Amino acid sequence: MIGRVLGIESSCDEMAAAVLADDGRTVLSSIVHSQVDLHARYGGVVPEVASRDHVERVGLVLSEALRVAATTPAELGAIAVTSGPGLIGSLLCGVEAAKGLALAAGKPLLGVNHLEGHIAAAALEARVPEAPFVALIVSGGHTSLVLVEAWGGPYRPLGSTRDDAAGEAFDKTAKLLGLGYPGGVRIDELSATGDPKRFAFPIAMPGKDNLDFSFSGLKTAAARLLRESGPLDEQGRADFCASFQSAVVENLLKKAFRAAITRGARRLVLAGGVAANRRLRARAEERGRRERVDVFLPSRANCTDNAAMIARAGWVRLSRGERSELDLECHPSWPLSRLEPG
Ligand code: KG4
Ligand code: ZN
């Protein structure tokens, strides 16, 4: 048995740490320090600002995670840290802290793929999907469909976005509407009182026979529709958000369900920040019931970046005996299909 695993995540603008119990399922603590306020005035994540704040926060976030879990470094079984993909400066802050702690406490270390972490979030819920299943990973930087043959891989890529990521489309459209950063959550909130049929967005599909996505058409349509409509009042903005959101959601689910039915044993996991979107969750469940596809949704807090998911992905690999050396490197681009420890 591997013992308690400390997870560390700092691939973008969140510094997070969590302690997972030896059963690999009980989250003893999960601390997330978000930098949203720091980046809001720039309208997006500024990498240099992100890493400078990470350097200041990492010690505090790590000690808080250990304190809440009533665990000393000596009581840890291992340390799992996101080593890619992500922003290089941000990644380095978590990875170097993890190395220091691993060396000082004499504990094994493992580099974890951030996307594998997002999928692993589904294993922290009461009902855990059995492999094989299809995972739809939708975040600020990634949009892909993956066939998960077993927990811990292999992972077969089935399709991905040809242009923007789904989260990026949300954030850019929110910017057009002057909703501030990060926009995904604001669009989700405003859509609650909007009419999804008021504005006609295209459901962009790059070809029928593949499992790829495209969001640039939606983004262009958003700019055009806004130009044509002139200034929008509050209800107009809510309708605009609801219509845009509905187009993104239908776009994603169309391919995700096709993949689950044809490749994934009728099991579908939603993962990543955009999987926190309430319409995406509701429509996936509705469609799952209708099309007899078993849909698995991690809790909303486990969809956005956190370290419990990294600890869980690490726990699976550590239990199989995988380890990283203390010269572990960061991999800003690290595809899920190439899963040797970074
Ligand atoms: O997974 P994540 O926290 O970080 C990355 O790995 O990128 O995803 C962040 C993305 C952002 O684009 C954010 O706007 C989007 O997820 N997001 C949402 C919602 N919550 C976060 N998009 C739509 N609806 C939401 N409720
Ligand atoms: Zn993420």
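The values are calculated or read from the model by the stated rules, or taken from the named source; none is laboratory data. Here the structure is a predicted model, which is why all the values come from computation and not from measurement. All Cβ positions, glycine included, derive from the backbone under ideal geometry; neighbour counts span all protein chains shown. Remember, those area values only see protein heavy atoms, side chains included, never the ligands or the DNA or RNA. Shrake-Rupley method; radii C 1.70, N 1.55, O 1.52, S 1.80 Å.
L136: surrounded by 21 or more Cβ atoms within 10 Å (Cβ to Cβ) and under 20 Å from C303 (Cα atoms), yes or no?
So L136 fits the description; yes.
Every condition in (1) touching an Asp or Glu at 6+ places or on another chain (Cβ under 9 Å); (2) within 13 Å of ligand 1 (Cβ to nearest atom) holds for L115 except the one numbered (1). If the condition is being within 15 Å of A105 (Cβ to Cβ) and surrounded by fewer than 15 Cβ atoms within 10 Å (Cβ to Cβ), then region 48-74 contributes G59, S63, T72, A74.
Note on region 271-326: residues that are away from ligand 1 (no atom under 12 Å from the Cβ), part of a helix (DSSP H, G or I) and basic (K, R) amount to 6.
Do we have V146 as under 15 Å from the mean Cα position of the chain (by Cα) and either more than 20 Å from N306 (Cα to Cα) or more than 16 Å from ligand 2 (Cβ to nearest atom) (or both) here? It is true that V146 is under 15 Å from the mean Cα position of the chain (by Cα) and either more than 20 Å from N306 (Cα to Cα) or more than 16 Å from ligand 2 (Cβ to nearest atom) (or both).
Only residues that are free of Cβ contacts under 8 Å to residues at least 24 places away in the same chain and under 22 Å from G100 (Cβ atoms) were counted in region 36-59, giving 2. Counting the residues of region 85-120 that are free of Cβ contacts under 8 Å to residues at least 40 places away in the same chain and either within 16 Å of ligand 2 (Cβ to nearest atom) or of a type in the set (D, E) (or both) gives 1. If the condition is being within 16 Å of ligand 2 (Cβ to nearest atom) and of a type in the set (A, V, I, L, M), then region 253-286 contributes V269, L270, A271, V274, A275, A276, L280. Restricting to region 121-133, name every residue that is in a loop (DSSP other than H, G, I, E, B) and either within 15 Å of ligand 2 (Cβ to nearest atom) or open to solvent by less than 10 Å² (accessible area, probe 1.4 Å) (or both). Answer for region 121-133, where residues must be in a loop (DSSP other than H, G, I, E, B) and either within 15 Å of ligand 2 (Cβ to nearest atom) or open to solvent by less than 10 Å² (accessible area, probe 1.4 Å) (or both): just P129.
Within region 15-42, take every residue that is at pLDDT below 95 and open to solvent by 30 Å² or more (accessible area, probe 1.4 Å) and give me the one that is nearest to the chain's Cα centre (by Cα).
S34
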